[in-house]
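Where a number appears in this text, it was derived from the coordinates with a stated rule and is not lab data. Note that the structure is a prediction, hence the values are computed from the model and not measured. Ideal geometry is used to build each Cβ from the backbone, glycine not excepted, and the neighbour counts take in all protein chains shown.
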Ligand SMILES: [Zn+2]
Ligand SMILES: [Zn+2]
């Protein structure tokens, strides 16, 4: 692990339970393990870095994966693939495959939905469309700042940009700038008074449809997974998404209770969708949101990779 510039700690044992949710790996007839994947091998298919709102750089993702003994790890930053190259280079040096991924914020008839793109063979195909969304986000933030200025609050775009630290800019960063300037006490007040829907500084978000998000992911050679569906993961909603290209469902996630896991695995089996899972790591050193905390079987990742190869890959 030299050359990555991070210090490794001794590997802690993987937690058997995930915080208060004891999640059993659902019995959805796992595919036979691949040659090379040790039996009982685990992966983590949902993690963020400083390329979006994580607290650790992409290289640290790999260092943590090594430390907890994962056989592969996916980097799935919000609306960007900017960290993928660095994570992959670190993964190559450390001998841990890094799965190129992304987490897109989109909308379907049920509201906002996060779609994970995994096993992207051509992540660079997402760079340009996603940079357009980034510009849209910056112009939306600028509109919010103008609205606040009109309300007599002299917050500046510079202050908001400083809060976002180069990541995907959004209302939470405006809220932080408002707190820093002393105009509101906390995040809640910022949204209740100014930033929430129907409040005076609310500006409509550019809406990427879930179908378009999945098209983008397929165009980059990956599979599209409904991220952390939780209670919104009803049969009707998942069926509707599957009709426009959904490939799988995130069954294991720290926000899911045992009922969610059972329902989502049953729906995945019924609709013949892929299973996925991950810690949604943002840098947490321990607990259910620590990297590897969800104990996702490596077979799930192998199946996803096979599906992506069969459906969405192109001749080189
Ligand atoms: Zn999400
Ligand atoms: Zn996430």
Notebook entry, point to check: Can residue 265 be described as under 13 Å from residue 228 (Cα atoms), assigned to a helix (DSSP H, G or I) and touching a residue at least 24 places away in the same chain (Cβ under 8 Å)?
Noted result: yes
Next item on the list: Quick one: which residue in 73, 66 is closer than 19 Å to residue 42 by Cβ and within 15 Å of ligand 2 (Cβ to nearest atom)?
Entry: 73
Check: Is there any pair with a first residue in the range 227-240 that is over 14 Å from residue 253 (Cα atoms) and a second that is away from ligand 1 (no atom under 12 Å from the Cβ) and part of a helix (DSSP H, G or I) whose Cβ atoms are under 7 Å apart and which are 6 or more apart or on different chains, and what are they?
Finding: 235/267; 238/267
Check: Which members of the range 225-262 meet the condition of being more than 26 Å from residue 312 (Cβ to Cβ), within 16 Å of ligand 2 (Cβ to nearest atom) and not in a helix (DSSP H, G or I)?
Finding: 254, 255, 256
Notebook entry, point to check: Which residues, taken from the range 101-142, are within 13 Å of ligand 2 (Cβ to nearest atom) and assigned to a loop (DSSP other than H, G, I, E, B)?
Noted result: 101
Note to self: Just the residues that are farther than 17 Å from residue 226 by Cβ and surrounded by fewer than 21 Cβ atoms within 10 Å (Cβ to Cβ), please, taken from the range 268-287.
What the structure shows: 282, 283, 284, 285, 286, 287
Note to self: I'm trying to understand the selection: among the residues of the range 234-247, which are on the phi < 0 side of the Ramachandran plot and surrounded by fewer than 24 Cβ atoms within 10 Å (Cβ to Cβ)?
What the structure shows: 234, 235, 236, 237, 238, 239, 240, 242, 243, 244
Check: With 73, 81 as the choices, which residue is part of a strand (DSSP E or B) and within 18 Å of the chain's Cα centre (by Cα)?
Finding: 73
